[in-house]
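Asker: Input: one structure, supplied below.
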Amino acid sequence: MWVPRSSGVLLHPTSLPGGYGIGDLEAGYTLIDWLAAAGQRWWQVMPLNPTGYGDSPYQSFSAFAGNPYLIGLGSLLRGGLLTPQDLSEAQEQLPGRVDFGWLYGFKPKVLRLAHSRFQKSASPSQRERLARFQGSHGSWLPDFALFMAIKAAQGGKSWQDWPSQLRLRDPQALDAARSELAEAISATCFEQYLFSEQWSDLKAYARDRKIGVIGDLPIFVAMDSADAWAHPENFLLDPEGQPTAVAGVPPDYFSADGQLWGNPLYDWERARRSGYRWWTERFRSLLGLYDIIRVDHFRGFEAYWEVPAGAQTAAQGRWVPGPGRALFERVQAELGRLPIIAEDLGVITPGVAALRDALGFPGMAVLQFAFGGDPENPYLPPHIGPNRVVYTGTHDNDTTSGWYRGLGSSERAQLARYCPGVSLATASWSLVELAWRSAATLAIAPVQDLLDLGSEARMNTPGLLSPRNWSWRLEQTLSSALASRLRALTGASNRLDGGAA
């Protein structure tokens with residue numbers, strides 16, 4: 001594996017503490033300091049793109065844009081773009097939770113105020129920085145800004161429900177929209193500039209403290225996205241912009257109908273003919289955000305589940321070959337070796353494993369999946385090799401404390417073989433210690449497990465559309481005592497300073 005033996009923490013920025021209804025990038029500085037004190041080398045986040053359906057970071061309005069709700073307002077206050085009065089209604093709406101409903105009304109309003117003041121008072125050098133940002137992101141920013149402006153003018157409707165001239169991108173209709181919505185377009189570009197500036201500063205702060213960032217690339221884009229609207233030729237859409245097939249997963253032990261995700265599927269033949277140009281730009285963009293990219297649903301690049309449009313369940317789908325090595329080899333020919341973690345969880349075929357290994361990408365091992373009774377389970381500690389990234393759990397799992405509560409007696413007995421005397425009081429740190437002491441080069445734990453939190457702190461329950469999904473926030477301060485405890489384990493596990501003795 002291409003990183004030294006090390007460890008890190010999974011915590012999405014929205015879960016950070018803060019005074020404006022959601023964790024933001026400015027709160028990340030305190031986290032970085034704590035990670036450094038705890039001897040950690042990695043901060044893992046989920047997608048930083050604008051959230052869409054269900055508030056999920058995996059259903060975004062753009063594969064390239066940043067989430068404006070992560071923009072820190074404190075720096076805008078200090079810079080004179082906002083006033084204390086502008087923020088007078090900013091108070092915690094739901095302790096320990098992101099109140100997305102309230103946030104959708106509050107944050108766009110104050111960011112538009114900041115944009116208005118910037119237009120009136122920005123210095124020439126500030127205007128030049130904004131212009132350079134817009135120029136360097138010309139491949140996606142104009143389309144995204146226009147998409148968001150039209151979407152707002154259409155009352156938030158999906159682009160597939162827009163009038164046909166806008167839905168099908170009639171040039172005259174788009175020119176008229178650019179003229180009529182110029183202010184909204186400018187404001188969106190300004191928000192993306194603010195996000196980029198704040199994230200770049202935070203990432204540089206982390207780099208100076210020898211902390212890298214791991215971020216996600218969801219394999220699919222949302223149907224209601226600027227990507228699908230601006231470039232329908234990249235997807236399996238009919239001439240009216242409607243999908244001919246959508247993404248999902250087949251029936252399994254957990255669901256007799258499978259899961260009907262509904263994302264548009266790629267036209268892989270066209271992508272091949274283009275030299276995978278869109279994918280190259282997508283990876284280039286993410287390499288500017290992250291040091292390591294976790295490719296979600298990696299198996300879909302070997303084969304994906306195609307469901308006919310209009311199907312009521314995913315059971316009517318079929319497996320279709322993906323692009324395989326050709327995509328990654330073409331991208332790496334232009335960008336160099338890609339620092340990728342392959343999310344290869346679930347039922348993985350020999351073909352998926354062969355693709356992962358041929359490309360040299362490390363896969364994932366999740367300890368919560370290890371103790372079901374199968375002695376050959378690849379996630380059991382003795383079976384985890386160096387070319388793996390080991391997790392206690394992921395954002396889709398229950399917290400380890402909540403997981404342990406739900407274990408049957410046989411699972412608890414198997415866990416006890418590796419963690420003698422384990423109990424509810426010790427389960428979280430027992431799994432953290434197993435992960436840290438494993439042979440995996442990289443070990444990651446959600447912050448909830450380090451704090452021994454219960455199911456109330458779960459980030460997401462897959463397949464359940466719930467206001468609790470994606471909304472958990474860290475209420476307590478990460479203490480120096482916890483940092484010392486984690487640093488001691490990290491040192492004892494030979495994960496400090498790149499595994500140096």
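Each reported figure results from applying straightforward, stated rules to the coordinates on display, with no laboratory input. In this text the structure is predicted, and so the values were computed from the model without any measurement. Heads up, the Cβs are rebuilt from the backbone with ideal geometry, glycines too, and the neighbour counts pull from every protein chain shown.
Asker: Just name one of 370, 320, 480: the one whose Cα is farthest towards the positive end of the charge dipole of the chain (beta-carbon charges, Lys/Arg +1, Asp/Glu -1).
Answerer: 480
Asker: Let me ask you something else. Give the Kirkwood hydrodynamic radius (Å, one decimal) of the chain, defined as one over the mean of 1/r across all pairs of different Cα atoms.
Answerer: Roughly 23.9 Å, rounded to one decimal.
Asker: Something else now. Using θ = phi - 60° and the Karplus form 6.51 cos²θ - 1.76 cosθ + 1.60, what ³J(HN,Hα) does each residue of the range 455-468 get, whole Hz, x for Gly and Pro?
Answerer: Karplus-based 3J(HN,Hα) across the range 455-468 equals 4, 4, 9, 5, 7, 8, 10, x, x, 10, 7, 9, x, 7 Hz.
Asker: I've got another one for you. Neighbouring Cβ atoms within 10 Å as the yardstick, rank 210, 107 fewest first.
Answerer: Taking fewest neighbouring Cβ atoms as first place, the list is 210, 107.
Asker: Hey, if you put +1 on the Cβ of every Lys and Arg and -1 on every Asp and Glu Cβ in the chain, which of 4, 355, 110 ends up farthest toward the positive end of that dipole?
Answerer: My answer, from the dipole projection, is 4.
Asker: Place the peptides 338-351, 409-422, 426-439 in order of packing, highest mean first, counting for every residue the other Cβ atoms within 10 Å and averaging per peptide.
Answerer: Final packing ranking: 426-439, 338-351, 409-422.
Asker: Which is farthest toward the positive dipole end of the chain among 491, 256, 293, measuring Cα position about the Cα centre, with Cβ charges +1 (Lys, Arg) and -1 (Asp, Glu)?
Answerer: Positive-most Cα among the choices belongs to 491.
Asker: Between the range 419-478 and the range 1-44, what is the separation of their alpha carbon centroids in Å?
Answerer: Spelled out, the Cα-based centre of one part sits 15 Å from the other.
Asker: If you take every DSSP beta bridge fully contained in the chain, what fraction is antiparallel? Give it as a percent rounded to 5.
Answerer: 40 percent
Asker: For a distance above 25 Å, tell me the whole-number percent of Cα pairs in the range 369-501 that qualify.
Answerer: Here the tail beyond 25 Å accounts for 27 percent of pairs.
Asker: Determine the equivalent ellipsoid of the range 254-337 by diagonalising the alpha-carbon gyration tensor, then write out the semi-axes as square roots of 5 times the eigenvalues, largest first, rounded to whole Å.
Answerer: 28, 15, 11
Asker: Still on this structure: Using the crude model of +1 on Lys and Arg Cβ and -1 on Asp and Glu Cβ, and no other charge, please compute the dipole size for the chain relative to its Cα centre, in debye to 20.
Answerer: On the way: 45 positive and 50 negative charges, 233 e Å.
Dipole about the Cα centre, nearest 20: 1120 debye.
Asker: Only sites in a loop by DSSP and with at most 12 other Cβ atoms within 10 Å count here; which trypsin sites (Lys or Arg not before Pro) in the range 295-357 make the cut? Provide the component values of the computation, followed by the final result.
Answerer: Details: sites: 299, 318, 325, 330, 337, 356; in loops: 337.
The qualifying sites are 337.
Asker: Mind scanning 109/157; 109/203; 151/210; 151/203; 107/203; 120/151 and naming the pairs with a C-alpha gap bigger than 29 Å?
Answerer: Correct reply: 151/210; 151/203.
Asker: I've got another one for you. Starting at 0 and stepping by 5 Å, how many percent of the alpha carbon pairs of the range 29-150 end up in each bin?
Answerer: Per 5 Å bin, starting at 0, the Cα pair percentages come out as 2, 8, 13, 18, 20, 19, 13, 6, 1, 0.
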